[in-house]
Amino acid sequence: MSDHLLPRRDLMRGAVLLGVGIAAGGAELLRGSPAHAAVPSPRIYGTSEWGARPPRSAVTINYYRPDKIIVHHTATGNSTDYSLAHAFALSRSIQNWHMDHNGWIDSGQQFTISRGGYVTEGRHRSLETLRGGTTFVQGVHAGPANSSSIGIENEGTYTSVGPTSALYNSLVDQCAYLCQQYGIAASRIFGHRDFMSTQCPGDVLYSRLPQLRSDVAAKLGDGSYTTTVDNATAGRFTASGNWGVSTYSSLRYGADYRYANPQPVSDAAWFKVSIPSSGSYRVDVWYPSNAGYNSSTPFVVSASNGAQYVRVDQRSGGGAWRSIGTFSLSAGDYNAVGVSRWTSTSGYVIADAVRVTRV
């Protein structure tokens with residue numbers, strides 16, 4: 001049976017994989033090319049290294065370049081075995097399921113990343129064609145997008161939790177290398193659900209795709225790095241129970257925003273930002289303005305030379321991005337921008353969204 005005619009997301013449904021149960025289920029940032037500043041190839045373990053079965057028939061080679069990357073999760077358990085041996089066993093299990101249950105000729109995806117951060121080749125010859133940079137192996141992972149995309153399976157289920165740091169960092173490296181080799185814009189990294197009716201790659205991992213695109217653009221050496229964190233961005237915003245949630249103002253960014261009474265206490269709401277490299281970054285803030293809100297809301301920026309405070313009059317100027325300055329930020333993934341309650345003026349302090357741009 002032709003593997004091009006079957007749906008993909010039956011992955012391990014009703015089965016047990018590696019001894020764990022199955023979980024229920026614009027403008028381009030960068031146009032990369034092999035001539036761009038070199039991004040080193042990640043260590044990718046080929047099919048012969050992890051003991052793959054031979055494909056049932058010859059894989060299809062497309063003699064043109066893919067124009068997008070599609071991110072998946074395996075919808076399997078979030079294993080705490082981060083070893084290379086586990087990554088190899090994962091690859092064999094996926095291939096067995098795809099061939100024996102789905103009836104495909106080989107693994108559906110081109111590449112797989114384990115929770116330990118190991119990258120393996122999925123469908124045969126995917127690594128060979130990637131290194132050449134002019135052709136690619138057609139996979140079976142995203143329905144109508146199969147003929148124009150590279151699919152990456154990420155081990156785990158990310159409906160309510162995020163991937164390990166090792167997996168995410170390898171995903172950034174792998175996507176950057178793919179973008180470089182095939183001339184794919186970092187803005188053209190998508191989730192499986194963008195093309196088919198599915199929960200894949202899970203709400204949490206899907207919510208991190210904007211960050212992934214920015215991190216990949218930064219890895220490729222593009223100077224236009226920018227990232228936005230909303231108060232509803234999963235895993236990127238923290239606030240105590242003293243901060244309420246409101247949809248009152250139509251000037252908000254996204255679905256809602258946070259508010260709190262001013263008090264002389266250390267109870268800031270924090271936006272966590274991934275800074276790709278140390279340097280100068282402009283920080284913009286978005287808030288809904290109202291005559292009853294605070295006239296001196298303290299924003300705090302975790303700059304490399306210490307915490308920097310900027311006071312903003314939130315009674316006016318809302319409903320748009322507003323710069324609070326340019327700061328020297330260190331590389332890393334940390335609480336970079338906060339909204340403090342420590343002010344003597346009256347009226348709610350508001351935490352809605354921040355945007356950080358390299359300058």
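The values are calculated or read from the model by the stated rules, or taken from the named source; none is laboratory data. As the structure is a computational prediction, the values presented were derived from the model and not from experiment. Reconstructed Cβ throughout: ideal geometry from the backbone, glycine too, with neighbour counts over all protein chains shown.
All of Ser323, Ser346, Ser316 fail the test of being assigned to a strand (DSSP E or B), out of contact with any helix residue (DSSP H, G or I) (no Cβ under 9 Å at 6 or more places or on another chain) and polar (S, T, N, Q), apart from Ser323. Say whether the condition of being part of a helix (DSSP H, G or I), under 24 Å from Ser41 (Cβ atoms) and not assigned by TED's automatic domain parsing to the domain that holds Tyr348 is met by at least one residue in the range 218-238. Among the residues of the range 218-238, at least one is part of a helix (DSSP H, G or I), under 24 Å from Ser41 (Cβ atoms) and not assigned by TED's automatic domain parsing to the domain that holds Tyr348, which makes the answer yes.
Matching residues to (1) in contact with a Pro (Cβ under 8 Å, 6 or more places away or on another chain); (2) among the small types (Gly, Ala, Ser):
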residue	(1), (2)
Gly244	no, yes
Ser249	yes, yes
Gly254	no, yes
Val265	no, no
Ser302	no, yes
Asp313	no, no
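Among residues of the range 114-126 being more than 18 Å from the chain's Cα centre (by Cα) and assigned to a loop (DSSP other than H, G, I, E, B), the one that is surrounded by the fewest Cβ atoms within 10 Å (Cβ to Cβ) is Arg125.
Criterion first (under 11 Å from the mean Cα position of the chain (by Cα) and either over 21 Å from Gly122 (Cα atoms) or assigned to a helix (DSSP H, G or I) (or both)) does Gln181 satisfy it? Before the answer, list the steps.
Numbers: under 11 Å from the mean Cα position of the chain (by Cα): no; either over 21 Å from Gly122 (Cα atoms) or assigned to a helix (DSSP H, G or I) (or both): yes.
The answer is no for Gln181.
The set of residues in the range 56-102 being of a type in the set (A, V, I, L, M), surrounded by 16 or more Cβ atoms within 10 Å (Cβ to Cβ) and part of a loop (DSSP other than H, G, I, E, B) consists of Val59, Ala75.
For the range 245-257: of the residues being touching a Gly at 6+ places or on another chain (Cβ under 9 Å) and farther than 16 Å from Thr228 by Cβ, which is surrounded by the most Cβ atoms within 10 Å (Cβ to Cβ)? Full working, then the answer.
Quick first cut of the range 245-257, residues touching a Gly at 6+ places or on another chain (Cβ under 9 Å) only: 249-253.
Among the residues that remain, those that are also farther than 16 Å from Thr228 by Cβ are: 249-251.
Values: Ser249: 18, Ser250: 7, Leu251: 15.
That would be Ser249.
Selection of the range 289-323 for residues being closer than 16 Å to Arg355 by Cβ, of a type outside the set (A, V, I, L, M, F, W, C) and in contact with a strand residue (DSSP E or B) (Cβ under 6 Å, 6 or more places away or on another chain) yields Ser302, Arg322, Ser323. On the given criteria, is Thr157 in a loop (DSSP other than H, G, I, E, B), assigned by TED's automatic domain parsing to the domain that holds Tyr64 and at pLDDT 95 or above? Judged against the criteria, Thr157 is a match. Applying a threshold of 6 Å to beta carbon distances and a minimum spacing of six or more residues, or different chains, the list of pairs starting in the range 302-323 at a residue that is closer than 20 Å to Pro262 by Cα and ending at one that is surrounded by 13 or more Cβ atoms within 10 Å (Cβ to Cβ) and among the aliphatic types (A, V, I, L, M) reads Ala307/Val300; Gln308/Val301; Tyr309/Val300; Val310/Ile324; Gln314/Ile350; Gly318/Leu251.
Residues in the range 226-284 that are touching an Asp or Glu at 6+ places or on another chain (Cβ under 9 Å) and of a type in the set (Asp, Glu) were compared, and the one that is nearest to Thr164 (Cα to Cα) is Asp230. Scanning the range 319-338 for residues that are modelled with pLDDT of 90 or more and either over 16 Å from Asn231 (Cα atoms) or basic (Lys, Arg) (or both) yields a total of 9. Does at least one position in the range 273-283 carry a residue that is closer than 20 Å to Val310 by Cβ, outside the structural domain of Ser148 (by TED's automatic domain parsing), at pLDDT 95 or above and not in a strand (DSSP E or B)? Checked against the condition, which is being closer than 20 Å to Val310 by Cβ, outside the structural domain of Ser148 (by TED's automatic domain parsing), at pLDDT 95 or above and not in a strand (DSSP E or B), the range 273-283 yields no hits at all.
With respect to the conditions (1) among the polar types (S, T, N, Q); (2) in a loop (DSSP other than H, G, I, E, B); (3) under 30 Å from Lys68 (Cβ atoms), Ser266 falls short on a single one, namely (3).
Residues checked against (1) assigned to a helix (DSSP H, G or I); (2) assigned by TED's automatic domain parsing to the domain that holds His73; (3) aliphatic (A, V, I, L, M):
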{"position": "Ser107", "(1), (2), (3)": "no, yes, no"}
{"position": "Thr112", "(1), (2), (3)": "no, yes, no"}
{"position": "Glu128", "(1), (2), (3)": "yes, yes, no"}
{"position": "Val140", "(1), (2), (3)": "no, yes, yes"}
{"position": "Ala145", "(1), (2), (3)": "yes, yes, yes"}
